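Encoded as structure tokens, the structure appears first; notes follow it.
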Amino acid sequence: MKRTKQIAVWLLCALLLVCAGCAPASGGGQEKESVTVVLDWTPNTNHTGLFVALANGYFDQAGLDVEIVQPPEDGAELLVASGKAQYCVTFQDYLAPAYAGEQPLPITAVAAVIQHNSSGILSRKGEGMERPAGLEGHKYATWDLDVEKATIRQVMEADGGDFDKVELIPSTVTDEVSALESRSVDAIWVFYAWAGKACEVAGLETDYFAFADIDPVFDFYTPVIAANDAYLAQNPEAVKAFLAALSKGYQFAVDDPKAAADILMEAAPELKSNPELVYASQEFLAGEYIADAARWGEFDPERWAAFFRWLNENKLLTAPIDVNAGFTNEFLPEG
């Protein structure tokens, strides 16, 4: 859902340095505080809590007039950092380059949408790629990103494999089922909640391994809700109200995934073309939104820092970053 955007986001981050001091307009004397949330992609089950909170009136009850919009090309993080939107859906690995250098961009993660990284490598069943070393000699669809390749190299080497023996195929994958069935590629980096479930629904048998299961350093936060720093400083009560309402939306999705999926499909009718996938994905994520955390949205500081530390150690950014930068639990409702 996200990796095809990453190169442009990293390159464009530098352009926003001039906007670092910009702040979005507050609600002023309006009866309700108007805020905009920019998605990272087209609506999907990562976003269900947002649409539930909107449809069920949780935002309205919190005194908020919330607009949910899709991003311009590679633009969610850019709109928030420039102050043209208050919140966006993004990812810890996307945010990392924003904190490199002497002038970090003014954007902070305020809630974890899902507690654990559910991404990994999906392949056709029975072809030996159920473990990292098995990727040797097979075709992998790559975005040619340094972080991507370093991740796969590390898990392969830990399993006794050689990353240099993987056949790297430039990724044009938009449909994982078709790509695997056609044998144009053998292995794809996916988020199991969507692509993995899509294969199940289509009846395609697959093997899969999750990066976080192999090395805890890859259990970073993806996706997250991020906010403009100036807005956080100037509107702390509105932010708390927003996250309290959003927490209710995701709790609803945990408690009743089918009803939540129905709300999502009403908000995004294009998803009705494959309701079985939406229901399957929503059922899967019902156990992932909160998982083992004390409350929805909470960041584990050590897990956040571990991934940033790994980026620093492997020199995968233009400059070292503060491993504790970029997130806060300050605005979350009490568990």
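Every number here is computed from the coordinates shown, using simple stated rules; none is lab data. Model, not experiment: these values are computed from the prediction. For neighbour counting, all protein chains shown are included, and Cβ atoms are generated from backbone atoms with ideal geometry for every residue, glycine included.
Quick one: go through the stretch 127-152 and flag any residue whose amide nitrogen is under 14 Å from the point 7 Å out along the Cα-to-Cβ line of Asp215. Taking a point 7 Å out along Cα→Cβ of Asp215, the residues of the stretch 127-152 whose backbone N falls under 14 Å are 132-133, 146-152. What the Cβ-Cβ distance of Asp144 and Ser34 gives, at R0 = 45 Å and to the nearest 0.05, is a FRET efficiency of 0.65. Restricting attention to the stretch 119-218, close to 60% of DSSP beta bridges with both partner residues there are antiparallel.
Which of rounded, prolate or oblate describes the stretch 199-252 when judged by the alpha-carbon gyration tensor and an a/c cut-off of 1.5? Prolate is the answer for the stretch 199-252, as a/c is 1.5 or above and a/b outweighs b/c. Ordering Thr172, Gly63, Ala150 by the projection of their Cα atoms onto the charge dipole of the chain, which places +1 on the Cβ of Lys and Arg and -1 on the Cβ of Asp and Glu, puts Gly63 at the extreme positive end. Model label points for Glu205 and Glu330, set 7 angstrom from Cα along the Cα-to-Cβ axis, are 5.4 nm apart. Going from the fewest other Cβ atoms within 10 Å to the most, the residues Asp164, Asp219, Asp322 appear in the order Asp164, Asp322, Asp219. Label separation (Asp60 vs Glu298): 3.2 nm, computed from points 7 Å beyond Cα along the C-beta direction. Per the Debye formula on identical point scatterers at the alpha carbon atoms of the chain, with no solvent, log10 I(q)/I(0) at q = 0.08 Å⁻¹ is -0.36. Size of the stretch 119-218: Rg and Dmax of its alpha carbons, in Å, are 12.3, 33. Spatial offset of the stretch 259-335 relative to the stretch 36-89 amounts to 14 Å, using the alpha carbon center of each. In a simple Cβ point-charge model (Lys, Arg +1; Asp, Glu -1; nothing else charged), the chain has a dipole of about 400 debye relative to its Cα centre.
Helix 275-286 and the longest principal axis of the Cα set of the chain meet at an angle near 80°.
A crude spin-label estimate for the pair Glu130 and Ala268, with each label 7 Å from Cα along the Cβ direction, gives 3.2 nm.
Would you look at the GNM of the chain, springs on alpha carbons closer than 10 Å, and say which of Val37, Val80, Val147 moves the most? Result for the chain, Cα springs under 10 Å: Val147 fluctuates most.
Across the stretch 94-100, rounded Karplus estimates of 3J(HN,Hα) from the backbone phi angles (6.51 cos²θ - 1.76 cosθ + 1.60, θ = phi - 60°) give 5, 6, 3, x, 5, 9, 7 Hz, Gly and Pro being marked x. When each of Thr42, Thr142 is scored by the number of other beta-carbon atoms lying within 10 Å, the sequence from fewest to most is Thr42, Thr142. Among beta bridges identified by DSSP and lying wholly in the chain, the antiparallel ones come to about 55 percent.
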